[in-house]
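Rule-based calculations on the coordinates, nothing more; no lab input. On a predicted model such as this, the values are computed, not experimentally measured, just so you know. Note that each Cβ is placed from the backbone with ideal geometry, even for glycine, and that neighbours are counted across all protein chains shown.
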Amino acid sequence: MGNDTEIVLHSFKDNDHSVVAIENGYITNRKVGSTLTEAGSKIIKKIVSENKQFVGPYRSLSPNRRILRSTTIPIRNKNRLIGLLCLNMDINRIVQTEEFLKPFVHFEDQKISNGDLEKSGTTLLSNLKDQIFEEAILKVETKGEIPQKEKNKFLVKDLYQKDFFALKDSVEFVAKKLRVSIFTIYNYIRELKNEKGGKGGEEHNRKNS
């Protein structure tokens, strides 16, 4: 775990000298034979009262006021608490680095809320639908051989082939643009699906004949 993490093993055989093994003890200025800290006593109460399997990670301070990221794991024997395994990581350098980087990732003029993002996405989708629809209209109008009463159906077919109706609220959008009911658009789409299915069936029959 490196030199920035202290590993402490406590045994409750002797509460006044509970530390029986320690690595990197310089982080909290402790050694074998040291006693349990006041913070450690509070952790024990939490473990016992809430039957915790572990506590943390939580923030603590070393005697020289360095910031630690701590985790405490209880050691039990037949449900009786007999010791603790504690990990204390000195994160002072990480905190200092975070403070140093904050000014570089903070932008006063780019505070965008979730609501703003949703509005932006809705606007983009609306613009996309307008663009595709206008292209389809232009295509229909430049084909002079299409009878006037068939133009709406041809337009829907063109949009259907472009997967336009996979877009949200696309049926309502087209119905409003063409000044027809949504049921009319759904009928056109249903006919197109049937035509596609029919052609597929014919091709399948030809292959198997």
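Excluding same-chain neighbours fewer than eight residues apart, the lysines reachable from residue 13 by a Cα-Cα span under 30 Å are 31, 42, 45, 46, 52, 78. When the Debye formula is applied to the Cα atoms of the stretch 5-100, each taken as the same point scatterer, what base-10 log of I(q)/I(0) results at q = 0.15, 0.17, 0.19, 0.23 Å⁻¹? Relative scattering, expressed as log10 I(q)/I(0), comes to -0.57, -0.72, -0.88, -1.23.
Could you line up 163, 158 from fewest to most neighbouring Cβ atoms inside 10 Å? Each step should come with its number before you reach the end.
Working: 163 10, 158 18.
Neighbour counts put them in this order, fewest first: 163, 158.
Cross-link pairs exceeding 21 Å between alpha carbons, from the set 151/176; 168/196; 129/149; 129/153: 168/196; 129/149.
DSSP loop (so not H, G, I, E, B), at most 13 other Cβ within 10 Å: list which trypsin sites (Lys or Arg not before Pro) in the stretch 1-38 pass both filters. Mind dumping the intermediate values first?
Numbers: sites: 13, 30, 31; in loops: 13, 30, 31.
Those satisfying the criteria are 13, 31.
Rounded to the nearest whole Hz, the Karplus-based 3J(HN,Hα) values (6.51 cos²θ - 1.76 cosθ + 1.60, θ = phi - 60°) of the stretch 93-102 follow the sequence 5, 5, 5, 5, 5, 4, 5, 5, 7, 3, with x at glycine and proline.
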